[in-house]
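The block underneath contains the structure these notes are about, expressed in structure tokens.
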Amino acid sequence: MLYSIRMRAAKGGAHELGGTHISGAERLVTKEELSKIAEKMIWRALHHSKGVADFISLKIDEIKPEDIQTIPCLSIKNFNANSVNEGLQKARELLVNHGISPIAINKGLTELKALARNMRGAILLDATTGKRLDPDHEKGVRVTHMDALDSEKLQQHLERQGLTNIHVREALILASKVLSAPGVLAELCWSDDPDYIAGYVSYGNTYHRISQLKEMHSPIGGRLFFVEPNADVDKLIHYLSTQTVLVDIEEV
Ligand code: AMP
């Protein structure tokens, strides 16, 4: 049996009471691993470059084996950008080549750059018109219930490519789930961690890691999911926020 364990931490009170988001993490683990992982998550909330959390929520749910789907892991391509502008230009180029309209890309980037504080979830945009599709513009859509099918193997796979940062592991799993969702065409992301300036564009079966998408020390990050016109948005949000998936590295 697997358990979903999810942590979110904030400073200045709980998120719903206006606290600033510090850290979030989630795993799908066995009963034996739960305590060790819980301890690691609490440590992470209390030792973050964004500050020491004064609110930590840990949620654990048992997941029935029949409710778990296995999906393929995205393969990784790296692009070295010498500046934020070069990184953003590459991101635009990749998205346009994959059929996302320049209007939608511009609208999405404008939304991200205008953020005064971090959202908990992603912004959903119609890939043609750029119309915003997530019902709660403050929260966005949070993707949950995902992990690697074989954590060790994924770790080794990333290490072989010189990618040892925890951000890549987590983002690759999240991005794999996002692209397996009905109606998602592409994603763009940069982290809210002030020390982490890399980001990615993903589509098809590839995660294009771009070494610089934001300025060092910037505490604001964000995610854009570009959605097929006429997609069933309720079904999509339900999948992203509730379906348990395990990402299989064997299928890269
Ligand atoms: P991170 O890559 O964890 O630094 O997150 C960057 C941004 O992506 C955050 O500021 C949120 O806006 C968004 N985000 C983080 N985690 C999730 C998630 N699980 N689902 C959807 N959006 C997320």
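Look through PRO194, PRO229 and report the one residue that is out of contact with any Leu (no Cβ under 6 Å at 6 or more places or on another chain) and modelled with pLDDT under 95.
PRO194
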Tell me yes or no: at least one residue of the range 177-192 is in contact with an Asp or Glu (Cβ under 6 Å, 6 or more places away or on another chain) and within 12 Å of the ligand (Cβ to nearest atom). yes
With the range 47-100 as the region, which strands (runs of 3 or more DSSP E) entirely inside it contain at least 3 residues that are touching a residue at least 12 places away in the same chain (Cβ under 8 Å) and more than 27 Å from SER218 (Cα to Cα)? 55-63, 68-72
When residues of the range 1-44 are filtered for being open to solvent by 30 Å² or more (accessible area, probe 1.4 Å) and assigned to a helix (DSSP H, G or I), how many remain? 12
Listed residues LEU236, LEU246, LEU213; which is touching a strand residue (DSSP E or B) at 6+ places or on another chain (Cβ under 9 Å), assigned to a helix (DSSP H, G or I) and open to solvent by less than 20 Å² (accessible area, probe 1.4 Å)? LEU236
Check whether at least one residue in the range 170-186 is in contact with a His (Cβ under 6 Å, 6 or more places away or on another chain), within 25 Å of ALA127 (Cβ to Cβ) and either open to solvent by 20 Å² or more (accessible area, probe 1.4 Å) or not in a loop (DSSP other than H, G, I, E, B) (or both), and report yes or no. yes
In the range 203-245, anything more than 15 Å from ILE123 (Cα to Cα) and hydroxyl-bearing (Ser, Thr, Tyr) is listed as TYR203, THR206, TYR207, SER211, SER218, TYR239, THR242, THR244
Checking HIS208 against (1) touching a residue at least 24 places away in the same chain (Cβ under 8 Å); (2) out of contact with any strand residue (DSSP E or B) (no Cβ under 6 Å at 6 or more places or on another chain); (3) more than 29 Å from ASP61 (Cα to Cα): exactly one of these is not met. Which one? (2)
Out of (1) open to solvent by less than 90 Å² (accessible area, probe 1.4 Å); (2) within 13 Å of ALA10 (Cα to Cα); (3) modelled with pLDDT of 95 or more, the odd one out for ASP54 is which? (1)
Filter the range 105-149 down to the residues that are open to solvent by 40 Å² or more (accessible area, probe 1.4 Å), more than 24 Å from GLU170 (Cβ to Cβ) and either near the ligand (Cβ under 9 Å from one of its atoms) or in a helix (DSSP H, G or I) (or both) and list them by number. ASN106, LYS107, THR110
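The values are calculated or read from the model by the stated rules, or taken from the named source; none is laboratory data. These numbers were taken from a predicted model, which means no experiment stands behind them. Virtual Cβ from ideal backbone geometry, glycine too; neighbours counted across all protein chains shown. Remember, those area values only see protein heavy atoms, side chains included, never the ligands or the DNA or RNA. Shrake-Rupley method; radii C 1.70, N 1.55, O 1.52, S 1.80 Å.
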